[in-house]
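Here's the structure we're looking at; comments come further down.
The values are calculated or read from the model by the stated rules, or taken from the named source; none is laboratory data. Computed from a predicted model, the values in this text were never measured in an experiment. Please note: Cβ atoms are built from the backbone with ideal geometry, for glycine as well, and neighbour counts cover all protein chains shown.
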Amino acid sequence: MSEFKQTFNSSLGKKLIMALTGLFLCTFLIVHLGGNLLLFVDDQGFAFNSYANFLTHFPPIEVIAYILYISIIVHAVYALVLTLKNRKARPVGYAVQSGSKASWSSKNMGLLGSILLLFIVIHMSDFWYAYKYQHVIGFKEYRTDLATNQTTVSDYTPASAEFERSISTENNVEIVRVKDIHSRVQASFSQPIYVAFYVIAMIAVAFHLLHGFQSAFQTMGWVHQKYTPIVRFIGTWFFGVIIPLGFALMPILYYIHSLSK
């Protein structure tokens, strides 16, 4: 047991934990982007509001969410510890193959990580915390005629402060009442400063993952002549380009749409 603790208290052990939590966070980004794509559905926020309610009320998802929060904290704390330790010794972040030239992103992982940590705090405060613990988000009522599949939307004021969501059917009309986080997204993404910060954060995500994804595999020793090019390709194009671009397009398009109103 002491050897186990000694291993994970060493620099290599901390890098291993950072690699594992980092890959877990990469997986989360894929799922999160998939869910957020519902913002592009032209249904006045019905799909996204239903998705947000599911995320915050389905117990297995809530358990995974708290594992996610712990992973973010552990990843950030270990990054800070390693950064401070490396400054006293030599500039080493994740494990890097000897003889390779350090990229800009690898030399600035601390800066990129700090931007991302600030973004996560602001983002979660503005959306997750407000949704879960503050009574600042209104409600929408969606009435869908099951015969014509036509949906009408209106604001809804619940009778109780504990109200979260309800689904009922009356006279062949499905009635869904749910928290309107979609309007919160619209309001936030109509602010140019917020949109600019969001886009800057996504650029930081791109550079952070550009180095971090590949380096995580190197840290764990998963380096192979046959598979390393595949890892490099996924890290560069999927996590370094597609994922950040997908997230960045949301505030940009919502802001452009707000200008046309």
Restricting attention to segment 102-141, and to residues there that are in contact with a Lys or Arg (Cβ under 9 Å, 6 or more places away or on another chain) and assigned to a loop (DSSP other than H, G, I, E, B), which single residue is farthest from HIS208 (Cα to Cα)? GLY138
Output the residue which, of all residues in segment 161-215 that are of a type in the set (Asp, Glu) and touching a Ser or Thr at 6+ places or on another chain (Cβ under 9 Å), is farthest from LEU112 (Cα to Cα). GLU174
Could you figure out which of (1) among the β-branched types (Val, Ile, Thr); (2) at pLDDT 90 or above; (3) within 22 Å of LEU12 (Cβ to Cβ) isn't true of VAL92? (2)
Selection within segment 223-244 - over 21 Å from GLN191 (Cβ atoms) and either among the charged types (D, E, K, R) or within 20 Å of the chain's Cα centre (by Cα) (or both): LYS226, ARG232, ILE234, GLY235, THR236, TRP237, PHE238, PHE239, GLY240, VAL241, ILE242, ILE243
Answer yes or no as to whether VAL223 is of a type in the set (Val, Ile, Thr), part of a loop (DSSP other than H, G, I, E, B), assigned by TED's automatic domain parsing to the domain that holds LEU37 and over 27 Å from ALA196 (Cα atoms). yes
May I ask you to list pairs of residues, at least six apart or on different chains, whose Cβ atoms are under 7 Å apart, with the first in segment 35-57 being closer than 22 Å to GLU174 by Cα and the second being acidic (Asp, Glu) and buried (at least 17 other Cβ atoms within 10 Å of the Cβ)? GLY45/ASP180; ASN49/ASP180
Which residues, taken from segment 36-51, are within 26 Å of VAL205 (Cα to Cα) and more than 16 Å from the chain's Cα centre (by Cα)? PHE40, VAL41, ASN49
Please determine, by comparing only the residues of segment 147-175 that are free of Cβ contacts under 8 Å to residues at least 40 places away in the same chain and acidic (Asp, Glu), which one is farthest from THR56 (Cα to Cα). GLU170
Checked against (1) within 21 Å of GLY34 (Cβ to Cβ); (2) out of contact with any strand residue (DSSP E or B) (no Cβ under 6 Å at 6 or more places or on another chain); (3) touching a residue at least 40 places away in the same chain (Cβ under 8 Å), VAL178 satisfies every condition except (2)
PHE54 being over 14 Å from the mean Cα position of the chain (by Cα) and at pLDDT 75 or above: yes
How many residues does segment 218-231 hold that are surrounded by 14 or more Cβ atoms within 10 Å (Cβ to Cβ) and free of Cβ contacts under 8 Å to residues at least 24 places away in the same chain? 2
Provide a single number: the residues in segment 166-198 that are surrounded by fewer than 17 Cβ atoms within 10 Å (Cβ to Cβ) and either in contact with a His (Cβ under 7 Å, 6 or more places away or on another chain) or assigned to a strand (DSSP E or B) (or both). 8
Identify, by number, the condition in (1) touching a Phe, Trp or Tyr at 6+ places or on another chain (Cβ under 7 Å); (2) touching a residue at least 40 places away in the same chain (Cβ under 8 Å) that TYR198 doesn't meet. (1)
